[in-house]
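Working notes for the structure below.
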Amino acid sequence: MNRKWFHLWNIGRLRSKALDALALGRTMLLLACGSLVFFILLGTGGMAGEKLDNSPLPSMKGLAASLSGGLFKEILGMEVPHLPKTTEASALSGGKVTSFVFQLLTSVNPGDPKSLLSREVPGMAADDAVLLRKGSGGVEGAPVDYHPGTDELATPAPTSGGSGGTQESPLPENSDAPAPSSAPAKDTEPSDTDMKRIMIYHSHPREAYNPLLSAKSDNPSSADPSKNVMLVGSFIAQRLEKRGIGTLHSEVDYATNVADYNWNFSYKYSRVTVKTAMTENEEMTELIDIHRDSQRHDKTTTVIGGKSYAQVYFILGRSNKDWKKNEEFANKIHQLLEKRYPGVSRGIWGKSSGKGNNGEYNQSISPNSVLIEVGGIDSTEAELKATSDVLADAIADLYWSSHKAEKANAEAGTANSGTGTEPAAQ
């Protein structure tokens with residue numbers, strides 16, 4: 001017998017190799033099954049998170065936003081050897097990685113002690129705003145919250161004839177922009193003023209404007225409805241009424257009317273106002289909370305066709321579990337402004353709870369509810385009036401388009417039920 005041939009066909013060695021192959025195959029099979037289960041759980045968790053998450057932003061987007069560009073660059077540099085080196089300290093250093101992991105697990109930034117208390121102390125997370133939809137008015141700055149001040153006027157601004165409340169501001173550089181087409185009320189437009197359909201109210205009614213006060217202040221505040229956001233609310237309500245829509249404008253000054261008033265409970269006070277109004281007006285579904293931003297004139301103003309407009313922010317509350325419905329409503333108004341008056345909207349922003357904020361801005365009351373900041377502390381009456389008109393027209397057009405669609409559906413349903421026949425299939 002040829003021993004060499006026998007050696008090559010050694011049954012023991014073949015059996016050993018077969019067992020090794022089976023072991024490797026079993027390992028690969030286990031890994032494949034484990035990966036399959038992992039991705040199934042990951043997908044299920046993602047769908048569950050989408051249903052349960054109260055945040056306007058997906059969690060992974062928030063995670064990506066918290067990573068620095070340097071970290072991504074260094075990770076790429078591990079695989080791309082010729083990627084340019086940076087002179088900055090490594091983002092993969094032990095301290096930075098430890099800090100990032102700690103922040104990922106606890107939502108507390110070791111470099112920012114405020115984050116440890118931001119969820120418990122009202123106001124410390126007030127600047128935690130996230131951009132949901134961009135506006136052509138610019139996204140370089142998030143909206144800035146108002147904080148209560150006194151009713152005492154600051155140093156009066158020098159005047160050069162005319163009223164400070166109606167004086168036009170200097171035009172920015174883009175004042176040669178083409179004039180947009182307006183959407184005035186039509187003489188033949190239907191009327192629906194028998195019942196109040198839309199409510200304009202103010203959770204922070206004393207947010208005021210420097211030009212209306214003839215003042216120079218970083219935090220103008222006034223109880224006079226002709227000098228604060230109530231004036232904007234009046235402009236919008238009057239325009240909606242002219243468009244044939246029954247509108248209720250609440251001008252309650254809580255600091256005057258509420259015993260033991262506490263500004264931190266602003267949205268609790270306004271919630272009672274809204275609930276009462278909705279009880280008395282069953283057809284009321286659209287709720288607009290009008291505020292003003294706390295930034296200066298150059299960040300809250302745009303010029304279109306030589307005319308100056310106060311810019312607007314749309315604000316959504318993160319704690320509202322049905323925020324997507326409110327975002328859909330806000331986006332319809334936002335898109336109309338973007339189409340007709342590009343530059344007026346600064347986009348749709350999501351905010352968490354903070355000082356004077358219940359975390360949802362009372363938007364859980366109705367899916368057609370939104371907070372809109374109109375102008376900043378330096379907006380003039382002319383700018384506020386111009387923006388109020390175009391904003392009211394957008395709200396009115398949205399209302400009438402929805403109302404006509406509902407009416408058409410109702411008439412179609414009545415016709416079908418009257419004939420007893422179903423519409424023919426297409």
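Coordinate-derived values only; no laboratory data. Owing to the predicted nature of the structure, the values given are computational and were not obtained by experimental measurement. Cβ: placed from backbone, ideal geometry, glycine included. Neighbour counts: every protein chain shown.
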ask   = Past the 20 Å Cα-Cα mark, which pairs from Lys196/Lys339; Lys196/Lys404; Lys325/Lys351; Lys134/Lys351; Lys196/Lys351?
value = Lys196/Lys339; Lys196/Lys351
note = Under the rule rounded for a/c under 1.5, else prolate if a/b exceeds b/c, else oblate, using alpha carbon gyration tensor axes a ≥ b ≥ c, segment 265-335 is classed as prolate
task = Only residues of segment 271-287 count here: report those whose backbone N is under 20 Å from the spot 7 Å along Cα→Cβ of Met195, or say none.
result = 274-287
request  = Just subtract the alpha-carbon distance of Ser402 and Thr256 from 0.36 nm times their residue separation and send over the number in nm, one decimal.
outcome  = 48.8 nm
note = Taking the alpha-carbon centre of each part, the distance from segment 269-335 to segment 200-263 in Å is 14
